[in-house]
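Colleague: Can you read through this structure? Questions will come right after.
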Amino acid sequence: MLLIRCPHCGPRPETDFRYGHEAHIARPEAPDQLDDAAWADFVFLRSNPRGWHRERWMHAAGCRRWFNVVRSTVTHEIIMTYRPGERPALPDGLDEGGKR
Amino acid sequence: MSEPFRLPDGGRIDRSRRLAFTFDGRGYSGFAGDTLASALLANGVRLVARSMKYHRPRGIMTAGVEEPNALLTIGDGELATPNMKATEVALYDGLAARSQNVWPTLAYDAGAVNQWLAPLLPAGFYYKTFMASQGFWQHLAEPFIRRAAGFGQAPGRADADSYDHRHVHADVAIVGGGPAGLAAALVAARAGLRVVLADMGSGLGGSLLYRDGEIDGRPARQWLEAACQELEASPAVRLLRRTVVTGHYDQGYLVAVERRREPGLRASGRGGPAERVWHVRASRVVLATGAHERPLVFPDNDRPGVMLAGAALSYLRQHAVAVGRAPLVFTQNDTAYETAFALARSGWSRVAAIVDTRTEPTPHLLAEAEGLGIRVERAAVVVGVKGRAGVQSAEIMTLAPDGGAVRGEARAVDCDSILVSGGWSPAAHLFAHVGGKLVWDEAAHCFRPERPVTGVALAGAVNATFALADVLAEGRAAGAGTNAPAGAPGGAQGGASGPSAAPLWQVPLPRSRTKKARKAFVDLQNDTTAGDIQLAAREGYAAVEHMKRYTLTGFGTDQGKLGNVNGLAILAAATGRSIGATGHTTFRPPYVPVSFGALAGVERGDLLDPVRRTPLHAWHRAHGAVFEDVGQWKRPWYYPKSGEDMHAAVARECAAVRTAVGLLDASTLGKIDVRGPDAGRFLDMIYTGRMSNLGVGRVRYGVMCKEDGMVFDDGTVTRLAEDRFLVTTTTGGAARVLDWLEEYLQTEWPSLRVYANSLTEQLATIAVAGPKSRELLARVSRGVDLAAETFGFMTCREGEVAGVGARLMRISFSGELGFEIVLPAGSAMAVWEALMTAGKDLGITPYGTEAMHLLRAEKGYIIVGQETDGTQTPFDLGLGWLVAMAKPDFIGKRSYARDDTRREDRKQLVGLLPDDATLVLPEGAQLVETPVKLADVPRFRPPDTGGPIYVDGEPVPVPMLGHVTSSYASAALGRSFALALVKGGRQRHGQTLYAPLETRTVACRIVDPVLYDPEGKRRDG
């Protein structure tokens, strides 16, 4: 069971939280302008990397706020959590998008 | 003496406390400090079980958690606990143990006939049986297997024991209380860290409790005593004895089960829990879980009296039990010599021989054996065992130098037990649980932890480190959180501590015997033999995970702790690969079986799941309501009067709503207060319809969809003020919808000034429905003009009902004139009772969810989750009028321009009238174009026959066009009807489809889904 640091409440067990989905997928400003492929990419397709993954969680049994987590899909290690609207860089030597 | 195998002195037992127990009804005695296994052995009880498949006689094989045979049922009635390992049950006075999987008795077991059926029960028996004809499976194989296989019986009575869970945090969590774990704990405790140490045994010490050794120039047992005293006195150290860590999870999380009361033992006084689950979260984890001794694979190696050499030493030193008068030790390494020497020195046993597979055993051990008068057979192996219910003699042959064959004459050696050691396998299960990788170590001949896992340290035998000095050094380093000292596994110290001799994975058989070879078992619990594994390899199941499932090696309550590595090595040899390349199966939690009671803890009975009751619950119960579970809510399903069945009650309730007036408790509907200057804009994005132009005091029905355009909830939106809306949701969707609104407000549109709050529990809703509902409300309300012209459909008024301030909404989910009264939950009961009293002469009738469902279905109104499954657009449901495509954007809008959502043949909502007006179709029934009877369709045709199957010239399976979503018998319609989703359904009105049922096929006409009052004349009363 993961230990997740909620940016508002501090470290809490995974059962306090609800997993959302991949983070930083902004809803398109003007969906009508998108072709079918671009819209399908937004609605259906996610990156599912092997390695570091930015993902969105909600502290369901706590402050009920959404935030972002950088987790390794290989080791489950969590290296940072941060609030929506932020996007801190990964520590030196770690690859975004997860290829190792 | 009553305990013929008990030594006159020694052991860690309390001879002043004699305990009586029974096994299969027969009385025996033992001492405090015994395990059930040691007490049985002390009494000379050898035969304790029958094996799963062949029902062979089996005895106690081990002294611990890896025991494959001695699974017994402990206790009776509501305290009966099946499948307990005799090696792990502490003896108590009055313990009652029973053997399992035997009929009629353990000694004369009819199932033993399976031994002679063995040629019919090869590896892969289950797979091959499944491939046989259905008749063979149903009538012969399954009943036979069900009776013959398996373990203890699940108890028939509710468990009388209690269980609980505790959570604890630590700086260091240490698993295993042997020398490595204790050394780690001492260092960590002295550094002032919070330490949790969990150990399976009743006493700390691990191998130090029965093996020789010196620490700091003193006997190891003195060091152990001092270590235990120091740890017990340390306030920051929590020692968990009889506690087995069953799972190791990410970021230092351990789940452990503590045995606090023996199985079958009735709690005295307040008792406390029988088992306690510990949830440990630690900054660092130290695994000092030791190693498991491997048995040797030779013919009839499962006979009672064959036992691990280390187990025999443990019984001797801990319980003063000699497992045999004339033991024979069969080994390929040094460790078993200590067992032989200790038994010889006890003065009680005469060691028949040490049979060592090595040509050159360790010289100082040979000298010691000679001094004790023990004959050592070098380069020798046991090739056979005499004695079915107990070892009587062993057959010995000489091993060729390459280990691949035996030669010379077989010689018989009389003995009453065979104590085996085939090397040691690190118990690295908990390391693997968190993704740790194991590699085959060619020097230590075992799978050893390789790549480190962050925050996890290993110490001792789990690391393939066996010499005591190295074990302690690793333990200290792990406790301090530093790197382990350099040094090769196996260590600097010699002596009887290294298992590093080359293993002999399977004893070769003399040529003359290989054809009619006796069974050489690899996995005793699953009756898997070396031959089964070789057969699996020949039949193509050469991958370890395939071999496991084909032969069952590694399944069961011991999960292959005893036999797995031997099995992998035999598979490697059969497939010409190295053991490392063959690999091992996956280690998953739990490390040992965990009782359901422990997992549940206190969360059973009334505490299993929260129950949500509406403020009117007491009234419903007092008036005989039958309740339906809707999520966690209890909702009145129907209110039967005396003598009424459900059908009659529902028909009466429906008639009351259609002709008079009914009351429904709709309080479970989700209610969300959405407010703020941007609330209208926000709801425009959430709903497919437009909400921002809703006038204050008006109500609008809407559906919300996901971005894929599919409906996920529905309900009404009422504008209470310019900046304030009351949103209702389905009962089951309340929490989901609030989360949905919050996610968009927090992440997509944080600049919108909107707040959403749940009011579901604060507000009650009473639905008043029926042509006389206006008349009823006129009698009890004040300050509201109820006239149809002024209080229009889908509008909201504030006023007083029975003296309580409330909102009234003109909403109808039945098609009749209807009002919903929304009021504070605390006032709901008074208002409901006032309505019931005021409406008596109008025929007022409370109705439940079943009548509500039926009434809405007659009107073709959907229920999300019944007519929808997450793949329906509003257009599919005939709700296109709810979609404001003129809005620039809303969630899901863009998806309605996708080809897939515009297909003509999407499943669409239709009404369905069965030709047989008395038949209520089952919900979920499939609809097809051709009247095929299911009875005509062959149940099973092997896939390799090729081509479609035809019935009456039609290919089977026939194309499925849709399915029934709701189905009822309607009194108002005078017939049965259904709602269904049918491909291109709106173009099929008037067509006939067929519902193939178990015994008949029903023709159904497709019609418009609105079957009752299609003109909507009844809405205004």
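Colleague: Sort out for me the strands (runs of 3 or more DSSP E) sitting completely within region B:262-362 that have 1 or more residues that are in contact with a strand residue (DSSP E or B) (Cβ under 8 Å, 6 or more places away or on another chain) and within 14 Å of another protein chain (Cβ to nearest Cβ). Show your work before the answer.
Modeller: Details: elements: B:275-287, B:291-293, B:306-308, B:327-331, B:353-356.
Where strands (runs of 3 or more DSSP E) fall fully within region B:262-362 and carry at least 1 residues being in contact with a strand residue (DSSP E or B) (Cβ under 8 Å, 6 or more places away or on another chain) and within 14 Å of another protein chain (Cβ to nearest Cβ), they are B:275-287.
Colleague: Which one is most open to solvent (accessible area, probe 1.4 Å), of the residues in region B:886-898 that are more than 8 Å from chain A (Cβ to nearest Cβ) and assigned to a loop (DSSP other than H, G, I, E, B)?
Modeller: Filtering region B:886-898 for residues that are more than 8 Å from chain A (Cβ to nearest Cβ) and assigned to a loop (DSSP other than H, G, I, E, B), the one most open to solvent (accessible area, probe 1.4 Å) comes out as B:Ala886.
Colleague: With respect to B:Thr729, determine if the residue is more than 14 Å from chain A (Cβ to nearest Cβ), open to solvent by less than 30 Å² (accessible area, probe 1.4 Å), under 25 Å from A:Trp57 (Cβ atoms) and not acidic (Asp, Glu).
Modeller: yes
Colleague: Shifting gears a bit: Taking strands (runs of 3 or more DSSP E) that fall entirely within region B:408-463, which contain at least 2 residues that are closer than 29 Å to B:Pro510 by Cα?
Modeller: B:417-421, B:424-426
Colleague: Let me ask you something else. Please specify each residue of region A:60-80 satisfying the condition of being closer than 14 Å to A:Arg50 by Cβ and in contact with a Pro (Cβ under 8 Å, 6 or more places away or on another chain). Step through it out loud before you land on a result.
Modeller: Taking region A:60-80 and keeping what is closer than 14 Å to A:Arg50 by Cβ, we get A:71-77.
Within region A:60-80, just A:Thr73 meets the criteria.
Colleague: What single numbered condition from (1) under 13 Å from B:Leu919 (Cβ atoms); (2) free of Cβ contacts under 8 Å to residues at least 24 places away in the same chain; (3) charged (D, E, K, R) fails to hold for B:Lys1017?
Modeller: Only one criterion is unmet by B:Lys1017, namely (1).
Colleague: From the list B:Ala488, B:Ala502, exactly one residue is of a type in the set (A, V, I, L, M, F, W, C), under 30 Å from B:Asp470 (Cα atoms), open to solvent by 50 Å² or more (accessible area, probe 1.4 Å) and at pLDDT 60 or above. Which is it?
Modeller: On inspection, the qualifying residue turns out to be B:Ala502.
Colleague: When you go through (1) more than 10 Å from chain B (Cβ to nearest Cβ); (2) open to solvent by 60 Å² or more (accessible area, probe 1.4 Å) one by one for A:Val70, which number turns out not to apply?
Modeller: (2)
Colleague: If you don't mind, another one. Just name the residue that is nearest to the other protein chains (Cβ to nearest Cβ) out of those in region B:246-261 that are among the aliphatic types (A, V, I, L, M) and open to solvent by less than 10 Å² (accessible area, probe 1.4 Å).
Modeller: In this case the residue turns out to be B:Leu254.
Colleague: Here's a follow-up. Test B:Glu867 against the stated conditions and say whether it is open to solvent by less than 20 Å² (accessible area, probe 1.4 Å), farther than 18 Å from A:Asp32 by Cβ, touching a residue at least 24 places away in the same chain (Cβ under 8 Å) and under 41 Å from the mean Cα position of the chain (by Cα).
Modeller: yes
Colleague: Identify, from the list B:Thr918, B:Thr901, the residue that is in contact (Cβ under 8 Å) with a residue 24 or more places away in the chain, within 30 Å of B:Leu973 (Cα to Cα), among the hydroxyl-bearing types (Ser, Thr, Tyr) and surrounded by fewer than 20 Cβ atoms within 10 Å (Cβ to Cβ).
Modeller: B:Thr918
Colleague: Let me ask you something else. Report yes if A:Arg50 is part of a loop (DSSP other than H, G, I, E, B), more than 10 Å from chain B (Cβ to nearest Cβ) and open to solvent by 80 Å² or more (accessible area, probe 1.4 Å), otherwise no.
Modeller: yes
Colleague: Additional query: Of the conditions (1) more than 28 Å from the chain's Cα centre (by Cα); (2) more than 18 Å from B:Arg284 (Cβ to Cβ); (3) surrounded by fewer than 17 Cβ atoms within 10 Å (Cβ to Cβ); (4) at pLDDT 95 or above, B:Arg166 fails just one. Which one is it?
Modeller: So B:Arg166 meets the others, but not (1).
Colleague: Let me ask another. Just give me the residues in region B:682-716 being open to solvent by 10 Å² or more (accessible area, probe 1.4 Å), among the charged types (D, E, K, R) and within 23 Å of B:Phe813 (Cα to Cα), in sequence order.
Modeller: Those that are open to solvent by 10 Å² or more (accessible area, probe 1.4 Å), among the charged types (D, E, K, R) and within 23 Å of B:Phe813 (Cα to Cα): B:Arg690, B:Arg698, B:Arg700, B:Asp714.
Colleague: Moving to a separate point now. Does B:Arg719 satisfy being open to solvent by 30 Å² or more (accessible area, probe 1.4 Å), away from every other protein chain (no Cβ under 14 Å), of a type outside the set (Asp, Glu) and out of contact with any His (no Cβ under 9 Å at 6 or more places or on another chain)?
Modeller: no
Colleague: May I pose another question? Pairs needed: first member in region B:715-737, of a type in the set (Gly, Ala, Ser); second member anywhere, open to solvent by less than 10 Å² (accessible area, probe 1.4 Å) and at pLDDT below 95; C-beta distance under 9 Å; at least 6 residues apart or different chains.
Modeller: none
Colleague: Consider B:Ile579 against the criteria (1) aliphatic (A, V, I, L, M); (2) surrounded by 24 or more Cβ atoms within 10 Å (Cβ to Cβ); (3) closer than 23 Å to B:Ser421 by Cα: it satisfies all of them except one. Which criterion is unmet?
Modeller: All conditions are met except number (2).
Colleague: Looking at region B:387-404, which of its residues are modelled with pLDDT under 95 and open to solvent by 40 Å² or more (accessible area, probe 1.4 Å)?
Modeller: Residues satisfying the conditions are B:Arg388, B:Ala389, B:Pro401, B:Asp402, B:Gly404.
Colleague: What are the residue pairs meeting all of these: first residue in region B:2-25, first residue of a type in the set (Lys, Arg), second residue assigned to a loop (DSSP other than H, G, I, E, B), Cβ atoms under 8 Å, and 6 or more apart or on different chains?
Modeller: B:Arg6/B:Ala320; B:Arg12/B:Gly33; B:Arg12/B:Gly203
Colleague: Taking region B:863-883, which residues are away from every other protein chain (no Cβ under 14 Å), in a loop (DSSP other than H, G, I, E, B) and out of contact with any strand residue (DSSP E or B) (no Cβ under 7 Å at 6 or more places or on another chain)?
Modeller: Hits for region B:863-883 are B:Ile863, B:Gly865, B:Asp869, B:Phe875, B:Val883.
Colleague: Additional query: Just to verify a result, which residue in region A:1-34, among those that are at the interface with chain B (Cβ under 10 Å from one of its Cβ atoms) and of a type in the set (D, E, K, R), is most open to solvent (accessible area, probe 1.4 Å)?
Modeller: A:Glu29
Colleague: Right, another one. Hey, among the residues in region B:67-83 that are more than 26 Å from B:Gly310 (Cβ to Cβ) and touching a strand residue (DSSP E or B) at 6+ places or on another chain (Cβ under 8 Å), which one's surrounded by the most Cβ atoms within 10 Å (Cβ to Cβ)?
Modeller: Top of the filtered list is B:Gly75.
Colleague: Of all residues in region B:315-329, count the ones that are within 19 Å of B:Leu296 (Cα to Cα) and within 40 Å of the chain's Cα centre (by Cα).
Modeller: Number of matching residues: 1.
Colleague: Then there's this: Which of the residues spanning region B:363-404 are more than 16 Å from B:Arg518 (Cα to Cα), among the charged types (D, E, K, R) and assigned to a strand (DSSP E or B)?
Modeller: B:Glu377
Colleague: Working carefully through the options B:Ala42, B:Ala20, B:Ala86, B:Ala37, find the one that is surrounded by fewer than 22 Cβ atoms within 10 Å (Cβ to Cβ) and within 27 Å of B:Ser268 (Cβ to Cβ).
Modeller: Result: B:Ala20 is the single residue among B:Ala42, B:Ala20, B:Ala86, B:Ala37 that is surrounded by fewer than 22 Cβ atoms within 10 Å (Cβ to Cβ) and within 27 Å of B:Ser268 (Cβ to Cβ).
Colleague: Same structure, new question: Go through region A:73-100 and report how many residues are open to solvent by 70 Å² or more (accessible area, probe 1.4 Å), assigned to a loop (DSSP other than H, G, I, E, B) and away from every other protein chain (no Cβ under 11 Å).
Modeller: Number of matching residues: 8.
Colleague: Going by the structure shown, is A:Arg64 open to solvent by less than 40 Å² (accessible area, probe 1.4 Å), at the interface with chain B (Cβ under 10 Å from one of its Cβ atoms) and either in contact with a Leu (Cβ under 7 Å, 6 or more places away or on another chain) or not in a helix (DSSP H, G or I) (or both)?
Modeller: So A:Arg64 does not fit the description; no.
The values are calculated or read from the model by the stated rules, or taken from the named source; none is laboratory data. Note that the structure is a prediction, hence the values are computed from the model and not measured. Virtual Cβ from ideal backbone geometry, glycine too; neighbours counted across all protein chains shown. To get the accessible areas, we keep the full protein, side chains included, count just its heavy atoms, and leave off ligands, DNA and RNA. Shrake-Rupley method; radii C 1.70, N 1.55, O 1.52, S 1.80 Å.
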